[in-house]
Amino acid sequence: MSTPLALIVDDEPDIRELLELTLGRMNIDTRSAANLADARRLLGEARFDLCLTDMRLPDGDGLDLVDTIQQHYPDTPVAVITAHGNMETAVQALKAGAFDFVSKPVDLQVLRNLVNGAIKLASFPERDRRSRETLLGDSAIMQTIRSTIAKLSRSQAPVYISGESGTGKELVANLIHAKGPRNDKPFVPVNCGAIPSELMESEFFGHKKGSFTGAVTDKQGLFQAADGGTLFLDEVAELPLHMQVKLLRAIQEKAVRPVGEQKEIPIDVRVLSATHKDLARLVESGDFRQDLYYRINVIELHVPSLRERREDIPQLAENILGKLAGNRDDEQPHLGQEALEALQRYPFPGNVRELENILERALTLCDGAEIQLEDLALPVLDVTVQHERALDQPPPPPDGVALEEYLEGIERNAILKALEQTHNNKTAAAKVLGITFRAMRYRLKKLGLE
């Protein structure tokens with residue numbers, strides 16, 4: 001293994017010397033520049049495994065150097081040094097493609113963590129960042145998502161993953177972690193809506209023994225559990241305002257203070273977050289802090305609904321059926337043509353998760369290896385609209401209402417309307433609904449309408 005080489009760019013001799021000494025003790029060679037011109041010259045003379053640059057330079061801006069490296073030396077991670085408390089500048093650099101940031105006065109432990117991550121990234125193999133076999137789908141939109149994941153895995157920037165329920169946001173977060181240099185450290189997912197408000201601070205930051213009634217031992221928080229790895233905050237919109245303030249500080253300072261502890265503990269955690277709600281709208285209504293929104297939403301990655309990638313349904317269905325069937329000795333289950341066409345027309349308000357539920361039920365109902373249309377028992381979402389375009393954006397279920405319960409309510413109303421329209425003629429009602437008579441009888445029995 002050759003000795004790593006780092007480029008240090010800062011016009012303050014004391015800062016350059018501190019960085020040179022720190023990296024030298026880590027067995028990393030350094031070259032130094034006091035301005036942009038010298039930095040660009042050095043970049044053309046050697047291959048660097050890392051660049052550390054100040055944001056304010058005599059002949060320009062650190063962001064200019066970030067842009068240069070992104071364009072001409074994309075395999076070189078670049079981190080920026082910002083003035084204390086100037087998170088806006090750090091966020092701007094991360095958006096421009098910086099790997100990470102460190103604030104002045106430089107905390108040496110934070111610096112070492114950053115440098116170790118960058119050096120590991122520089123030697124991280126490209127093949128390990130492919131995700132086609134995990135995140136299925138050959139549609140153009142999914143190819144773009146996989147390409148974006150590969151790029152995001154090379155950064156430490158906070159990523160906000162948006163998308164409807166059931167689209168696979170946690171899978172995307174896990175891939176960003178698994179395809180990057182933190183993959184040998186923990187990936188810690190947490191559903192923010194599942195933690196009681198009074199326990200949140202202790203759950204996230206830990207507590208000291210005796211800090212409150214019931215604290216009989218020291219407890220490690222989720223941030224400490226994810227140290228060196230990734231913390232995934234699912235349903236981040238459910239965080240109460242008092243916890244949003246504490247989370248903001250933890251992200252900015254890269255440190256947490258356990259309940260009952262007097263001093264902060266440095267943490268090295270990448271934060272990914274997700275929610276199915278519209279965070280921007282929650283910011284407007286005052287239910288989510290704007291400053292936290294900008295910290296966690298440095299980069300947004302939207303996960304498409306299944307309606308936006310219908311061409312992926314055959315591949316997804318085949319994969320799901322293969323998993324459900326396991327190691328069966330008999331013929332592997334598969335979809336009949338009518339069943340497949342029906343799935344490709346269906347709007348899937350519950351997305352991939354709903355597709356899994358439908359296929360699991362169909363596998364139980366079908367007699368042989370081929371799943372027929374009636375085996376799917378697809379909910380009828382609207383009898384008054386008979387074309388796919390009108391079903392593209394079904395309304396989401398109200399808060400607190402389970403998806404299955406919501407869909408059953410819509411299905412019941414649709415069937416009752418069809419029966420009323422056909423004067424209780426079940427055969428005619430089935431025709432109105434676009435389903436077989438056998439499927440109609442199954443639904444009537446399931447919904448207790450016989």
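The values are calculated or read from the model by the stated rules, or taken from the named source; none is laboratory data. Small disclaimer: the values here were computed from a predicted structure and weren't measured. For neighbour counting, all protein chains shown are included, and Cβ atoms are generated from backbone atoms with ideal geometry for every residue, glycine included. Note: areas computed on protein heavy atoms with side chains; ligands, DNA, RNA excluded. Shrake-Rupley method; radii C 1.70, N 1.55, O 1.52, S 1.80 Å.
A few notes on this one:
- Check on I149, open to solvent by less than 50 Å² (accessible area, probe 1.4 Å) and modelled with pLDDT of 90 or more: yes
- Residue satisfying all of: in the range 303-328; of a type outside the set (S, T, N, Q) and closer than 30 Å to I251 by Cβ; surrounded by the most Cβ atoms within 10 Å (Cβ to Cβ) among these: V303
- Residues in the range 146-168 that are farther than 18 Å from T275 by Cβ and among the β-branched types (V, I, T) were compared, and the one that is nearest to the chain's Cα centre (by Cα) is I149.
- Residue count, the range 103-126 (criterion: of a type in the set (A, V, I, L, M), under 21 Å from P74 (Cβ atoms) and either at pLDDT 85 or above or part of a loop (DSSP other than H, G, I, E, B) (or both)): 4
- Qualifying positions in the range 4-31 - in contact with a Pro (Cβ under 9 Å, 6 or more places away or on another chain), part of a loop (DSSP other than H, G, I, E, B) and open to solvent by 60 Å² or more (accessible area, probe 1.4 Å): D11, N27
- Every pair of residues 6+ apart whose Cβ atoms lie under 6 Å, when the first sits in the range 258-269 and is under 11 Å from V110 (Cα atoms) while the second is aromatic (F, W, Y): I267/F223; V269/F223
- Remark: G166 matches the filter, which requires a residue to be closer than 30 Å to R353 by Cα and in contact (Cβ under 8 Å) with a residue 24 or more places away in the chain.
- Qualifying residue in the range 47-63 (condition: assigned to a helix (DSSP H, G or I) and open to solvent by less than 70 Å² (accessible area, probe 1.4 Å)): yes
For every residue, the table says whether it meets (1) aliphatic (A, V, I, L, M); (2) under 21 Å from L292 (Cβ atoms); (3) modelled with pLDDT of 95 or more.
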{"site": "H207", "(1), (2), (3)": "no, no, no"}
{"site": "G210", "(1), (2), (3)": "no, no, no"}
{"site": "G214", "(1), (2), (3)": "no, no, no"}
{"site": "P240", "(1), (2), (3)": "no, yes, no"}
{"site": "L247", "(1), (2), (3)": "yes, yes, no"}
{"site": "R257", "(1), (2), (3)": "no, yes, no"}
{"site": "G260", "(1), (2), (3)": "no, no, no"}
{"site": "K263", "(1), (2), (3)": "no, no, no"}
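- V78 open to solvent by less than 20 Å² (accessible area, probe 1.4 Å) and touching a strand residue (DSSP E or B) at 6+ places or on another chain (Cβ under 8 Å): yes
- Some residue of the range 32-45 being surrounded by fewer than 14 Cβ atoms within 10 Å (Cβ to Cβ), assigned to a loop (DSSP other than H, G, I, E, B) and of a type outside the set (S, T, Y): no
- Residues within the range 430-450 that are over 10 Å from E374 (Cβ atoms) and part of a helix (DSSP H, G or I), tallied: 7
- Residues (out of contact with any helix residue (DSSP H, G or I) (no Cβ under 6 Å at 6 or more places or on another chain) and open to solvent by 40 Å² or more (accessible area, probe 1.4 Å)) located in the range 270-279: H276, D278
- K254 meets the conditions (1) in contact with a helix residue (DSSP H, G or I) (Cβ under 7 Å, 6 or more places away or on another chain); (2) closer than 15 Å to H207 by Cα; (3) open to solvent by 10 Å² or more (accessible area, probe 1.4 Å) in every case but one. The failed one is (2).
- Tabulated pairs, the range 64-86, first in contact (Cβ under 8 Å) with a residue 24 or more places away in the chain, second assigned to a helix (DSSP H, G or I) and among the charged types (D, E, K, R), C-beta under 7 angstrom, 6+ apart or interchain: T68/R40
- Number of positions in the range 71-97 that are modelled with pLDDT of 90 or more and outside any strand (DSSP E or B): 5
- Pair list, Cβ under 8 Å, 6 or more apart: the range 424-450 residue farther than 22 Å from L365 by Cα and in contact (Cβ under 8 Å) with a residue 12 or more places away in the chain, other residue of a type outside the set (S, T, N, Q) and surrounded by 14 or more Cβ atoms within 10 Å (Cβ to Cβ): A429/I415; A429/A418; A429/L419; A429/M440; V432/V383; V432/A418
- Looking across E331, E300, one residue alone is open to solvent by 10 Å² or more (accessible area, probe 1.4 Å) and modelled with pLDDT of 90 or more. It is E300.
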